[in-house]
Every structure is written in C-alpha cells, then in structure tokens.
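**Student:** My structure is below; once you've seen it, I'll send some questions.
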Amino acid sequence: MKRAILLCTLAMAGLSAQAASAQTLKTVKDRGMLSCGVSSGLPGFSAPDDKGNWAGFDVDICRAVAAAIFNDPTKVKYVPLSAKDRFTALQSGEIDVLSRNTTWTLSRDTSLGVNFAGITYYDGQGFLVRKSLKVNSALELNSASVCVQTGTTTEQNVADYFKGNNMKYEVIAFGTADETVKAYEAGRCDVFTSDVSGLYAERLKLAVPADHGVLPEVISKEPLGPLVRHGDDQWLDVVKWTLFALLNAEELGITQKNVDDMAKSDKPELKRVFGTDGNLGETLGLTKDWVARTVKATGNYGEVFDRNIGAGSKLGIARGLNALWNKGGIQYAPPIR
C-alpha cells in the first residue's frame, strides 16, 4: 500500500513538474507570434531584403515552426543577434528559439542552459583566401595572419589546427561577421576563417567574389542547429519534430506542391504523418495536420536547402553530408510513428 502511494506521489510530482515547465508553447500561442533569433545578415541563411522581409535557410526553420503552431509561417518576429549576444537573448527569454548557424558542442550543451533541437546543417571550418596568393592548401598558410570573429568556435579550431601542423600564425579578431569580412577584404589579414557554409555566404559580400576561393581542407566538425532553453521538454519536442518533419517529408517524397495529394494516400505511414490515422500531432500540443502545415509553408528539407543555399541559390553549395542517409549523406530523422 505504501509503495503504491509512493509511486502515485512520484507520478503526480512528475506531472506537476512537467506542467510547470511546459510554458513556452502556451506563451507563444498566447502572444500570437514566435520570437526567433537569427544572424544579423548571412546571405542564404538569414538576411532581410530592402523591405525588411527575412529569408534564408535558418529563417525557414523559424517559418516552419510558426506554420506548425499557427498554420501561418508569417507569424514570426525575427531578432537579429551577434555571435556574442545570441545565447543571452535565448537565456533571458527575449527569443523562443535560436536559429542562427550555431555549433553543437558539449560545453554549450552543459553550461549555457540550452538544448540543441537537432542538426539542420553538417558543416566544418575552412579558409577563404585571395586567389592571387596562389595558395592551394591550408598547409601552406604558415606565418599567415587570420581574421576570425570572436565569440565563435573558430578561434580554438584555428589554434588546434596550426599547432597540430607546427605552423605559426597571427589571429586578428573582430566582434562581428561584417567587421571580419571587411577587414579581410581590406587586406588586414591573409585569410578569413569560418564555417565553410559561412565562407560561401560571406564571399558574396566581397566586391569581386570570384577573386576569392575556399581551400579544400575542412578542419573541424561544426554541426549546426536550432536551440531552445533547458527546462521545457514540450517546446524542445515541438522544435525538434518540426525539423524531423521536414526531413521525413523529403524522404517520403512529400513536397510543397504535392502535399495535398499525398495527404489523401491510404498508405499507413503517410496516414500517420498527415494525422488521418492517430493523433501524433496532438501529443506535441499541435494539430493532427501539423506536418502538412509545415511542408505547405516551406517545402521539405531538400526544398529548403536547394532554394536558399543549394543548387537553386547564388551560393550553390552541394548537399554533401547534408543529403539524406539513403542518398549518400548523413541527414536522418527518427520516424513519425
């Protein structure tokens, strides 16, 4: 009897704690708007146009979450953040989710009070140099001056790489990405280092992008993804499964154009995905048709990639590791069942 009472008490305590922590989704719904932290201007990933409309790979993650919640991808307030300020904005509650080229590391997972909700982009750090220097490999950068942005993982990676290869170097650090790029273009350093995806994006800002090339070496693992605060598992699930929905949609052949037709399918897997069988969306605190809402708003993961940073964009980045697991890459989402 005592054991039964104890188990009941523990269960009630667990439910109480869960209810106390599951506040973000309710807050977002009550506000009628998702607050999403993005970079202050990284072409292909998050940047406003001359009318203030935001677009990009990271922006589409915000739009997908808003669509899953509100059935309206426009219900997002974008908060541009520097690398230095991004975590504080999330910790303080200024933003609900951070979708801003941020690397998942152990120290960030354990010391910042945040949870990564998945990996949107498998990246790695590289080097951008002027072609006129005739440098073909990062191993030829001995004694080079290197422009980096403070508050990122790049400084430690550069130190590890140069030390590991017995090369000398000089770091020239700047507070923002724009300052770093401008310093590089002005000749204040020989090389600019950042995530390879960021190098392709920042190169577009240079006067003559074709005069600069990305070296072949990738010197680190930089898994990028959205973050939420610790302590609200329901909200973590919402953001995490929105990303997984985009990946599963691509794998299942669900696109922005055919989503309505696919939703009529009698296939058991598709019926679960579209909520015509079961209530998986409702277990997240969303609607049964949350996947359809999401894909209608942004397209599947492949469409988001190609439109913003892939073959259909100015960046033209190959899918590479970010191809689906059954297409030669390592992008892989748990099943919706």
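**Student:** Hey, what's region 52-156 come to in accessible area per residue, 1.4 Å probe, Å²?
**Tutor:** Normalised by residue count, the accessible surface of region 52-156 is 39 Å².
**Student:** May I pose another question? How large is log10 I(q)/I(0) at q = 0.18 Å⁻¹ when the Debye formula is applied to the Cα atoms of region 15-151, each weighted equally and without solvent?
**Tutor:** The Cα Debye sum returns log10 ratios of -1.12.
**Student:** Skipping prolines and chain starts, which residues have an amide H placed within reach, meaning under 5 Å, of the one on D123, given they are 5 or more residues away or on another chain?
**Tutor:** Close amide H contacts, sequence-distant or interchain: E222, L224.
**Student:** What percentages, rounded to whole numbers, describe P(r) for the chain computed over all alpha carbon pairs with 20 Å bin width beginning at zero?
**Tutor:** Binned Cα distances yield the sequence 30, 53, 16, 1, 0.
**Student:** May I have the convex hull volume per residue, in Å³, for the Cα set of region 88-137?
**Tutor:** 133 Å³
**Student:** Over the alpha carbons of region 84-174, what is the largest minus smallest coordinate on each principal axis, giving the biggest first in Å?
**Tutor:** Ordered largest first, region 84-174 gives principal extents of 46, 22, 22 Å.
**Student:** If I take every Cα pair under 8 Å that is 6 or more residues apart in the chain, average their sequence separation and divide by the length, what percent do I get for the relative contact order?
**Tutor:** Here the relative contact order equals 21 percent.
**Student:** Please find the FRET efficiency linking L133 to N326, where r is the Cβ-Cβ separation and R0 is fixed at 45 Å, and quote it to the nearest 0.05.
**Tutor:** 0.65
**Student:** Name the helices (complete DSSP H segments) of the chain with a Cα length along the long axis of 18 Å or more and a Kyte-Doolittle mean of at least 0.5, or state none.
**Tutor:** Span-like helices in the chain: 2-21, 57-70.
**Student:** Test of understanding: what is the full-extension gain from E170 to K221, defined as 0.36 nm times their sequence separation minus their Cα-Cα distance?
**Tutor:** 16.1 nm
**Student:** Here is a further query. Which whole-number percentage describes the relative contact order of region 170-269, with Cα contacts under 8 Å and a sequence gap of 6 or more?
**Tutor:** Here the relative contact order equals 12 percent.
**Student:** Would you work out the charge dipole size for the chain about its Cα centre, treating the Cβ of every Lys and Arg as +1 and the Cβ of every Asp and Glu as -1, and quote it to the nearest 20 debye?
**Tutor:** 460 debye
**Student:** While we're on this one: A144's amide H: which non-local residues (gap 5+, or another chain) put their own amide H closer than 5 Å, with H modeled 1.01 Å from N in plane and none for Pro or chain starts?
**Tutor:** Here E170 satisfy the definition.
**Student:** Let me check the size of region 122-221 from its C-alpha atoms; what are the radius of gyration and Dmax in Å?
**Tutor:** Final numbers for Rg and Dmax: 12.0, 34 Å.
**Student:** Then there is this: Set the Förster distance to 45 Å, then compute FRET efficiency between N53 and D277 from the Cβ-Cβ distance, nearest 0.05.
**Tutor:** My answer for the efficiency is 0.75.
**Student:** Hey, if you put +1 on the Cβ of every Lys and Arg and -1 on every Asp and Glu Cβ in region 194-337, which of A333, P223, N308 ends up farthest toward the positive end of that dipole?
**Tutor:** Result: N308.
**Student:** Arranged from highest to lowest average of other beta-carbon atoms within 10 Å per residue, in what order do the peptides 278-285, 30-37, 67-74 appear?
**Tutor:** 67-74, 30-37, 278-285
**Student:** Can you order the peptides 166-175, 228-237 by their average number of other Cβ atoms within 10 Å per residue, highest first?
**Tutor:** Ranked by mean Cβ neighbours within 10 Å, highest first: 228-237, 166-175.
**Student:** Could the peptides 181-192, 203-214 be put in order, highest first, of the mean number of other beta-carbon atoms found within 10 Å of their residues?
**Tutor:** Final packing ranking: 181-192, 203-214.
**Student:** For region 223-337, report the % of Cα-Cα distances exceeding 20 Å.
**Tutor:** 43 percent
**Student:** Could you pull out every residue, at least 5 positions away or on a different chain, whose amide H is within less than 5 Å of the one on K77? Hs are placed 1.01 Å off N in the peptide plane, and Pro or chain starts have none.
**Tutor:** L34, S35, C36
**Student:** Can you pull the percent of the chain's accessible area that's carbon plus sulfur, 1.4 Å probe, other chains left in place?
**Tutor:** Reported share for carbon and sulfur atoms: 52 percent.
**Student:** In nm, give the distance between the simple-model label positions of R108 and S143, each being 7 Å from the Cα along the Cα-to-Cβ direction.
**Tutor:** 3.6 nm
**Student:** Oh, and also: Which of the listed residues, V38, A64, G164, is farthest toward the dipole's positive end in the chain, when Lys, Arg count +1 and Asp, Glu count -1 at the beta-carbon?
**Tutor:** Farthest along the dipole direction, towards plus: A64.
**Student:** Distance check, please: which entries in K240/K327; K84/K131; K75/K267; K77/K327; K75/K240 exceed 27 angstrom between their Cα atoms?
**Tutor:** Violating the 27 Å Cα-Cα cut-off are K84/K131; K75/K267; K77/K327.
**Student:** Run the numbers for R31 and A318: contour at 0.36 nm per residue of separation, minus the present Cα-Cα distance, in nm.
**Tutor:** 99.5 nm
**Student:** Just the ratio, please: alpha-carbon radius of gyration of region 166-232 over 2.2 N^0.38 Å, N its number of residues.
**Tutor:** 1.35
The values are calculated or read from the model by the stated rules, or taken from the named source; none is laboratory data. From a predicted model like this one, the values you see are computed outputs, not experimental measurements. Heads up, the Cβs are rebuilt from the backbone with ideal geometry, glycines too, and the neighbour counts pull from every protein chain shown. When the accessible area is computed, the model is the full protein with side chains, heavy atoms only, and any ligands, DNA or RNA have been set aside. Shrake-Rupley method; radii C 1.70, N 1.55, O 1.52, S 1.80 Å.
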